[in-house]
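What follows is a set of notes on a single structure, which appears directly below.
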Amino acid sequence: MKNCKTCNESISKKAKICPKCGEPNTQTSRSTIGCLVLIILLSIPCVRSMYSVDNNYVRKILNEYQKIKDREMSQSCKHCQGVNFIKTDYKNIIKCASCSNLTKKVGK
């Protein structure tokens with residue numbers, strides 16, 4: 001037994017309407033709430049996996065970038081010994097940022 005929300009009359013849990021006032025007996029069952037909670041809890045890992053980034057892939061990209069950067073920094077200008085270079089429109093030619101001397105790029 002439970003009480004009607006409108007008239008506070010004691011009615012059966014299985015009754016579809018209150019016999020006194022006619023108010024529908026709408027109750028949210030525990031199984032419905034349990035199912036909703038279960039669905040939400042199970043969907044959290046799925047949503048997280050859609051937005052997560054593979055850390056090994058990111059590390060691999062960063063390592064490749066560092067190797068390229070190290071290779072570029074190991075080269076120095078033969079004219080002024082500068083180590084800062086600017087890319088040019090030509091494939092393997094770089095320009096020294098200090099003296100503007102054109103040099104062939106070392107490495108790939």
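Keeping to the stretch 12-39, report how many residues are assigned to a helix (DSSP H, G or I), exposed (fewer than 11 other Cβ atoms within 10 Å of the Cβ) and at pLDDT 85 or above.
Total meeting the criteria: 3.
Go through (1) surrounded by 10 or more Cβ atoms within 10 Å (Cβ to Cβ); (2) at pLDDT below 85; (3) of a type in the set (Asp, Glu) for Asp54 and report which single condition fails.
For Asp54, the exception is condition (1).
If I filter the stretch 75-83 for residues that are assigned to a helix (DSSP H, G or I), of a type in the set (Lys, Arg) and either within 30 Å of Lys2 (Cβ to Cβ) or at pLDDT below 85 (or both), do I get at least one hit?
No, because not a single residue in the stretch 75-83 is assigned to a helix (DSSP H, G or I), of a type in the set (Lys, Arg) and either within 30 Å of Lys2 (Cβ to Cβ) or at pLDDT below 85 (or both).
The values are calculated or read from the model by the stated rules, or taken from the named source; none is laboratory data. Everything numeric in this text was worked out from a predicted model, so none of it was measured. Counting neighbours? That spans all protein chains shown, and the Cβs are built from the backbone with ideal geometry, glycine included.
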